1. Are there any GluC sites (Glu not before Pro) in region 81-183 that are in a DSSP loop and have at most 15 other Cβ atoms within 10 Å? List them by number.
2. Expressed as a rounded percentage, what relative contact order does region 24-111 have, with Cα pairs under 8 Å and six or more residues apart?
3. What's the extension gain from Glu168 to Ala220 if we count 0.36 nm per residue and subtract their Cα-Cα distance?
4. Is the shape of the chain best called rounded, prolate or oblate, per the rule: a/c under 1.5 gives rounded, else a/b larger than b/c gives prolate, else oblate, with a ≥ b ≥ c the square roots of the Cα gyration tensor eigenvalues?
5. Considering Cα pairs under 8 angstrom that are at least six residues apart, work out the relative contact order of region 132-252 and quote it in whole percent.
6. Using alpha-carbon pairs under 8 Å, 6+ residues apart, how would you state the relative contact order of the chain in percent?
7. Pick out, in residue order, every one of the trypsin sites (Lys or Arg not before Pro) in region 1-107 that is DSSP loop and has at most 12 other C-beta atoms within 10 Å; say none if there are none.
Amino acid sequence: MASCATSSPAIPRHLAIIMDGNGRWAERRHRPRIVGHRAGARAVNLCIDFCILKGIQALTLFAFSSENWGRPEGEVGALMKLFMNALEREVDELDRRDVRIRFIGERERFSPAIVARMQAAELQTAANDGLQLSIAASYGGRWDITQAARALAADVAAGRLRVEDIDEDALTRRLTLADLPPPDLFIRTGGEMRISNFLLWHLAYTELWFTEALWPELDAATLQGALDHYASRERRFGLTGAQLAPLQESTE
Ligand code: FPP
């Protein structure tokens, strides 16, 4: 994970989103929850278009949490079908637009057919250097930190790493998304103000923005509102404003 710059460019390099509110959107229309998820998939496309247009380098979307496996069987099954269809339908077009796709999370929990499609999408788009799109699926921030800790332990056990060399960088390098800068901006739709086990480590200094809009209601104006908020923030990364001023002048 690249280190943080002290100045805040107007456009975030990395945007991370919790796409919440699909179920409520459908329930308000007296429709099954899966109708909300389908509408949510359309909002994903809008969001990707927006990021490409704005020159955002990386977009990470929370599509399915470790805890979402506990939802009613019918909803989980319908979501799996939706993921399969979206992969089938969208990957060629995303590839054509130079988008690199990857999946983060415990993929062993998905069916072999979905895992195969995930791998195929990653392979097909691996060389693309446009938008870096990461889909967090069967993902939890605690799982991510745990698997990084396990990798550290394995390296120590194998004699590749000394315990005294374990530091924040060593752990960061073993997390998912280690090659991307940490998210500059986090957005959550749907009105809840919590992180819900998303990128717990990565969000340490991320600017947070919440909206009441439900995910299927997403439009470019809402996303622009989040970017405007971001551009107005002074990011101090634990320093004082006075300390940052000369650093910012030197990067202008
Ligand atoms: C949270 O809303 C949303 C999900 C658990 C699923 C997200 C899936 C999509 C946006 C569709 C497809 C995505 C991809 C990447 C193809 P919720 O169901 O918790 O809503 P609620 O809080 O209103 O119940």
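1. Within region 81-183, the qualifying GluC sites (Glu not before Pro) (loop, at most 15 other Cβ atoms within 10 Å) are Glu106.
2. 23 percent
3. My answer for the length gained is 15.1 nm.
4. Working: a/c = 1.66, a/b = 1.18, b/c = 1.41.
It comes out oblate by the Cα gyration axes.
5. 22 percent
6. Rounded, it is 32 percent for the chain.
7. Details: sites: Arg13, Arg24, Arg28, Arg29, Arg33, Arg38, Arg42, Lys54, Lys81, Arg89, Arg96, Arg97, Arg100, Arg102, Arg107; in loops: Arg13, Arg29, Arg97.
In loop regions of region 1-107 (DSSP not H, G, I, E or B), the sparsely surrounded trypsin sites (Lys or Arg not before Pro) are Arg29.
Rule-based calculations on the coordinates, nothing more; no lab input. If you're wondering where the values come from, they're calculated on a predicted model, not measured in any experiment. Note that we place each Cβ from the backbone using ideal geometry, even for glycine, and neighbour counts take in every protein chain shown.
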